[in-house]
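What follows is one structure encoded as structure tokens, with my remarks underneath.
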Amino acid sequence: MESAPLEGEKILITGATGAAALPVARYLAEKNEVIGAARFTDAALRQELEDAGVRTARIDLEKNDLEAIPEDVSIILHYSYTRRPSGEFHDAIHVNSIAPGHVLKRCHRARAALIVSAATLYSIHDDPFHAYREGDDIGFVRAPWGPSSPVSKVTLESTARFCAEAFDLPTTIVRPSVPYGLTIDVTTLVLDSVALDRPVFAAHDPHPYSLIHIDDMCEQIPALLQAASVPATILNWASDEVFTVQEMAELAGEILGKQPTYQISNADGVARGGVVDTTRVREVVGPCKRRFREEFARICEARKPD
């Protein structure tokens, strides 16, 4: 259940400029020494982190350049990730799977590691509302928006599971479905499409997802770390709320006074839904505090065109 907030820890966050990692870094920096590691191709994002009290460290996972990462961190939060097209899967596996192994080896004296995978690695199922359990099949799925994603997530988890056992490093692997409340996420893409009278893209009709607000994610990190173990703990990461892309669009239409239109791809091999079973994660972190309808309305108001 809910754990005490992290305080006085030395925390490494890889991929710190990512949409999901950056708010986590800012949140944890309030009471901890946070090292945010990334390539930092965007100087503004680096400055944003530093302004929030995050100590930045330039690394390059593609080149195994990790010298800027201190070896004496107490907690590892691995968010770093790259999407690659067909033809670059081997490069993607190096950046997303092999390089994280080097990070875990370098910082193996940490008391716990949290490895962020994704629910997009689950194999396709005929029922769009099938709630994937942690033990369900993985890897037999396509992701046209990020072709290297499924193989990268499967191999990342394999690396993390090996490192947990090889280095006796307590580890939790989480599989988020759809985070929202970020600068860019599924909900903002839906909102912006409705607001600008563009078709809302969905892979299928209906296309449901399990959702979780970024603030809930930040607050649940201590409990997820407390659940870290050897062998690694594997958990879905979501609230108990399920909404389809179409329901999100209709809600946006009500708030914005618009009538949504849709572009449905029906692409072969693409998952019909992203619903996950939350039984195990609820036992670890307890209930989520945010409710999608209320948060979505606030996001809609904030993103209304002037």
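Readers should treat all values here as calculations from the given coordinates under stated rules, not as data from a laboratory. Bear in mind the structure is a predicted one, so any value in this text is a computation, not a measurement. For neighbour counting, all protein chains shown are included, and Cβ atoms are generated from backbone atoms with ideal geometry for every residue, glycine included.
What the table shows:
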| read-out | value |
| --- | --- |
| DSSP H segments from the chain that extend 15 Å or more along their own axis, Cα-based, with Kyte-Doolittle mean of 0.5 or above | 245-256 |
| Contact order relative to length of the chain, as percent, for alpha carbon pairs under 8 angstrom and 6 or more apart | 20 |
| Charge dipole magnitude, Cβ of K and R +1, D and E -1 - the chain, Cα centre, debye nearest 20 | 380 |
| Calculated Rg and Dmax of the Cα atoms in Å (choose from [x] 21.0, 80; [y] 18.8, 56; [z] 18.0, 57), label | [y] |
| Set of segment 123-161 residues, backbone N closer than 15 Å to the point 7 Å along the Cα-Cβ line of residue 262 | 128-129 |
| Within straight-line cross-link reach of residue 304, aspartates and glutamates at Cα separation under 15 Å, skipping those fewer than 8 residues along the same chain | 192, 197, 254, 295 |
| Helical mean residue ellipticity (222 nm; -39500 (n - 2.57) per DSSP H run of 4+; nearest 500) of the chain | -10000 deg cm²/dmol |
| Low-density loop cleavage sites - trypsin sites (Lys or Arg not before Pro) in segment 65-164, where at most 15 other Cβ are within 10 Å (DSSP) | 83, 109, 111, 133 |
| Residue-wise HN-Hα coupling along segment 278-290, computed from phi with Karplus coefficients 6.51, -1.76, 1.60 (Hz; x: Gly, Pro) | 10, 4, 5, 5, 4, 5, 8, 10, x, x, 6, 8, 8 |
